[in-house]
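Input: a single structure, listed below in structure tokens.
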Amino acid sequence: MRLYVTASVLLAVFAVAACDDNQSNHPTAPTVARGAQLAAPGAFVVDVGNDTTAQNETPIAVNPTDAQNFIVGANDWNYNDGCAVNATFDGGKTWTPTVPNGFLPGITKYTNDPAENGTGAATGTGDFGGDPAIAWSSDGKTAFYACYSYIVTGYGSYKTRLLLSKSTDGGKTWLNGKTKGPDAQPLTVVAQWDAYGITKGSTGQFQDHDSMWVDPRDGTIYITWAQFHGNGSNSPIYVAVSRDDGKTFSTPVQITATTVRSNQDARIVSNGKHAFLTFDNGAQGGKGAVMYMSESRDAGATWGPPVQFARFQNPVCLFPPYCFNISGTPFRGPGSYPVPAFDPIGKRLYVAFSDIVNDTAQLFLASAPESGVSDVKQWTTIPMAPGATGDRINVEMSIEQGSGRIDFISQDRSYSDNKLVDITYGKSFDHGASFTTQRVTRAGYDPGLFGVPSGSGFRPFIGDYNGIVSLPTMAAFAWTGVGKNPGNPPINLDIYFGSVTP
């Protein structure tokens, strides 16, 4: 969930957003087979799912010891109302299916088995789940999946748990989520917000958009999120860390306070010595939106004061009816947010973001040397892959660790006079000074005409984020697209996987 609105309506908007994510209504969708979305020349694209309803918000992670083994996740509007998971062991050609077993156990009180109508031997307690995040251990033996579990207790009132699951077979199977019995495999509680748990608070609190990073050098697991506490517009950023392979997590540390408020979209990268947290902030008093960075030099035990490194001119806000500031049919989708990546070759922290300048959403790249990230004077911001004739939104970025090559993808409306959404891939071999871009998808779509189940109809919602990973000979990514037969209502949004050779 991402948006920028005035402080007076911020909390109300997030309460509505969380309620709107309740995935409990499932209109009947067609069961005919779907074809793969065609790739543009020079790219590989495949439709990951094999189901009949919607998925969106698609993190991706690759096994560091097996470049053929990818895992993708998603919010899932199938019977389980939780988090989808699909794995491939052949570089993306084939995937484990979403139905009946492609869901994370232990999140909701439903399964994904149509034969059971979703009410079989589920192991979770949530009414719905969401905001998936995926990462791997550095030895490739364990994959981690974080997902929220929500129990709805009334309008705007949530009992929320942020849970972590594991897979030791490349993403085929996950912890069963059972908390009792000889075969119990409980999920780890990272944070809990319902008047008890690791971090205490009043009923009505809820978290938004977790993200996860596993340090490839020391194995520290970082999970960060924004916390909405039901009292005013303050939404501080929290970070919890695990140093025992996800068995336990530290008490979450609050990063922001006082005037640094109404935060969201937090992400972390690290290099074994330092960890870097980035997030955006709706400045108090209607003073616009800015971006902050906080640094930890002790593996997440403590964090330095947030440093404002950039300011949005006009952040993209796709959250109708509260805001929709690009042209076309309104839809809920990714807004402007900072995406960090660390270059171990140039020893520099990079942060990509989108911003509306001269009436067009464009991409920008902020950066600072590793030794100067906490000094605002050492940050610079330049246009990132300029020259697009249409909106570029939802930038995702990663850096290939052996060469320092910067990769990004963006949902791009430049190929259709700002009418349809496609995927663009970009690469830089000169530390961001210049980028070469290429189209990934052969055909775009209008995201205002497709969406997720909402009662007997649909709500246009293509997700708030995508995913990308960088390998020496490949950049791979996941995003939300439209299935071949979206049905009536048109709710068959699918997970798509793509790759290119840089």
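Step through the residues of segment 409-421 one at a time and calculate ³J(HN,Hα) from phi using the Karplus curve (6.51 cos²θ - 1.76 cosθ + 1.60, θ = phi - 60°), rounding each to whole Hz and writing x for Gly and Pro.
Taking θ as phi minus 60°, the curve returns 10, 8, 6, 10, 10, 6, 8, 9, 6, 6, 10, 10, 9 Hz for segment 409-421.
Send over the semi-axes of the chain's equivalent ellipsoid, whole angstrom and largest first, taken as the square roots of 5 times the C-alpha gyration tensor eigenvalues.
Ellipsoid half-lengths, sorted descending, are 29, 27, 24 Å.
Could you pull out every one of the lysines with an alpha carbon less than 24 Å from that of residue 166, ignoring same-chain neighbours closer than 8 positions?
93, 109, 141, 178, 180, 247
Roughly how compact is segment 387-426, stated as its Cα Rg over 2.2 N^0.38 Å to two decimals?
Working it through for segment 387-426, the quotient is 1.33.
Using θ = phi - 60° and the Karplus relation 6.51 cos²θ - 1.76 cosθ + 1.60, list the HN-Hα couplings for segment 330-336 in order, rounded to whole Hz, with x at every Gly or Pro.
Those phi angles translate into x, 8, 7, x, x, x, 8 Hz.
Quick one: 3J(HN,Hα) in Hz for segment 442-451, Karplus 6.51/-1.76/1.60 with θ = phi - 60°, rounded, Gly and Pro as x.
6, 9, x, 8, 8, x, x, 9, 9, x
Suppose only helical runs count, i.e. DSSP H with n ≥ 4. What mean residue ellipticity at 222 nm does that imply for the chain under -39500 (n - 2.57) per run, divided by all residues and rounded to the nearest 500 deg cm²/dmol?
Result for the chain, helices only: -1000 deg cm²/dmol.
Can you tell me which aspartates and glutamates have their Cα less than 15 Å from the Cα of residue 484? Leave out same-chain residues fewer than eight positions away.
Candidates past the 8-residue exclusion: 47, 51, 446, 494.
Using C-alpha positions alone, give me the convex hull volume of segment 298-442 per residue in cubic angstrom.
Roughly 132 Å³ of hull volume per residue.
Would you please give the FRET efficiency between residue 298 and residue 389, computed as 1/(1 + (r/R0)^6) with r the Cβ-Cβ distance and R0 = 51 Å, to the nearest 0.05?
The pair residue 298/residue 389 has a calculated efficiency of 0.65.
How big is the shadow of the Cα convex hull of segment 438-502, averaged over all directions, in nm²?
Result: a mean projected hull area of 4.9 nm².
Would you please give the residues with an amide H less than 5 Å from that of residue 56, counting only those at least 5 places away or on a separate chain, with H modeled from the backbone geometry?
75
How high is the relative contact order of the chain, given as a whole-number percent (alpha carbon pairs under 8 Å, six or more residues apart)?
Relative contact order here is 15 percent.
Roughly to the nearest percent, how much of the accessible area of the chain is carbon and sulfur, given a 1.4 Å probe?
Its accessible area is 52 percent carbon and sulfur atoms.
As an exercise, find the ratio Rg/Rh for segment 52-144 from alpha-carbon atoms, using the Kirkwood inverse-distance average for Rh.
Ratio value, two decimals: 0.99.
Under a plain spin-label model, where a point goes 7 Å from the Cα along Cα-to-Cβ, how far apart in nm are residue 488 and residue 121?
Distance between the two pseudo-spin positions: 4.1 nm.
Taking a 1.4 Å probe, which of 474, 291 shows the most accessible area, and what order do the others take after it?
474, 291
Any idea what log10 I(q)/I(0) is at q = 0.14, 0.19, 0.20 Å⁻¹ for segment 290-370, Debye with uniform C-alpha scatterers and no solvent?
Debye curve over Cα of segment 290-370, log10 I(q)/I(0) at q = 0.14, 0.19, 0.20 Å⁻¹: -0.59, -0.88, -0.93.
Taking the alpha-carbon distance from residue 377 and a cut-off under 24 Å, which lysines remain once sequence neighbours fewer than 8 residues away in the same chain are dropped?
Result set, ordered by chain and number: 273, 287, 347.
Mind checking the per residue accessible area of the chain for me, 1.4 Å probe, whole number of Å²?
About 35 Å² of surface per residue is accessible.
The values are calculated or read from the model by the stated rules, or taken from the named source; none is laboratory data. Quantities reported herein were computed from a predicted structural model and do not represent experimental measurements. Methodologically, a virtual Cβ is constructed for each residue, glycine included, from the backbone with ideal geometry; neighbour enumeration extends over all protein chains shown. These accessible areas exclude ligands, DNA and RNA; they are computed on the full protein's heavy atoms, side chains included. Shrake-Rupley method; radii C 1.70, N 1.55, O 1.52, S 1.80 Å.
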